[in-house]
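Novice: Just dropping this structure here.
The values are calculated or read from the model by the stated rules, or taken from the named source; none is laboratory data. Quick caveat: nothing in here was measured; it's all calculated off a predicted structure. Cβ placement follows ideal geometry from the backbone for every residue including glycine, while neighbour counts extend to all protein chains displayed. For accessibility, only protein heavy atoms count, side chains too; no ligands or nucleic acids. Shrake-Rupley method; radii C 1.70, N 1.55, O 1.52, S 1.80 Å.
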Amino acid sequence: MNGAGSGAGSGPPEPAWLVVANVVLWRRYGDGGQELRPGTKAYRGGAKVYVADTYAGMGHQQLTTVGRGRHNGRWITIDTGTRHLHTFRARLVYTPAVLKRCPGPLTAGREEAEALAALLERVAREERHAHHGGPHPDPCLCHECLPVTPG
């Protein structure tokens with residue numbers, strides 16, 4: 001397929017189709033989701049992250065992501081809740097730092113990456129609605145309530 005994750009000194013890894021997403025600007029937090037926090041503990045709100053792996057057995061509620069860290073801007077690889085991400089899309093990734101951190105391609109090509117992105121977007125939306133069952137705080141800045149939210 002491609003050389004993602006196999007950089008054994010043979011030059012830069014080959015480009016790969018990956019799912020890319022953005023971190024929500026604000027997320028609900030605490031008892032009943034009445035508190036709002038910007039981004040996540042590891043990523044700034046709006047940061048672009050690359051999906052390196054999914055956990056299908058857990059209903060895709062957690063993803064392994066690669067992105068620039070919130071505090072020092074270095075590339076990090078961590079597990080993130082799918083509900084904290086939005087605007088999933090398929091992109092051909094050329095960045096060697098990202099490709100080295102991905103264990104291998106999740107998808108064989110563009111079509112598979114687009115299908116996975118659509119699935120993850122649906123799961124993220126459902127998880128955001130189901131995680132905090134209580135009413136939204138007033139005023140609410142969460143991803144679902146912001147007027148700039150796509151969809």
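Novice: Could I get the Rg over Rh figure for region 27-107? Both from C-alpha atoms, Rh via Kirkwood, rounded to two places.
Specialist: Checking Rg against Rh, the ratio lands at 0.98.
Novice: Let me ask you something else. Mind ranking 21-31, 80-90, 104-114 by how tightly packed they are, going by the mean number of other C-beta atoms within 10 angstrom, highest first?
Specialist: Going from most to least packed, we get 80-90, 21-31, 104-114.
Novice: Expressed in nm to one decimal, what extension gain is obtained for the pair Asp31 and Gln62 from 0.36 nm per residue of sequence separation less their Cα-Cα distance?
Specialist: My answer for the length gained is 9.1 nm.
Novice: Still on this structure: Can you tell me the length gained on complete extension of the stretch Ala97 to Glu112, counting 0.36 nm per residue apart and subtracting the Cα distance?
Specialist: Answer, rounded to one decimal: 3.1 nm.
Novice: In whole percent, and with a 1.4 Å probe on the protein chains, what portion of the accessible area of region 33-83 is carbon and sulfur?
Specialist: Looking at region 33-83 in its full context, I get 47 percent from C and S.
Novice: Also, quick follow-up: Could you give the alpha-carbon Rg of region 67-112 over 2.2 N^0.38 Å, rounded to two decimals?
Specialist: Compared with the compact-globule rule of thumb, region 67-112 sits at 1.29.
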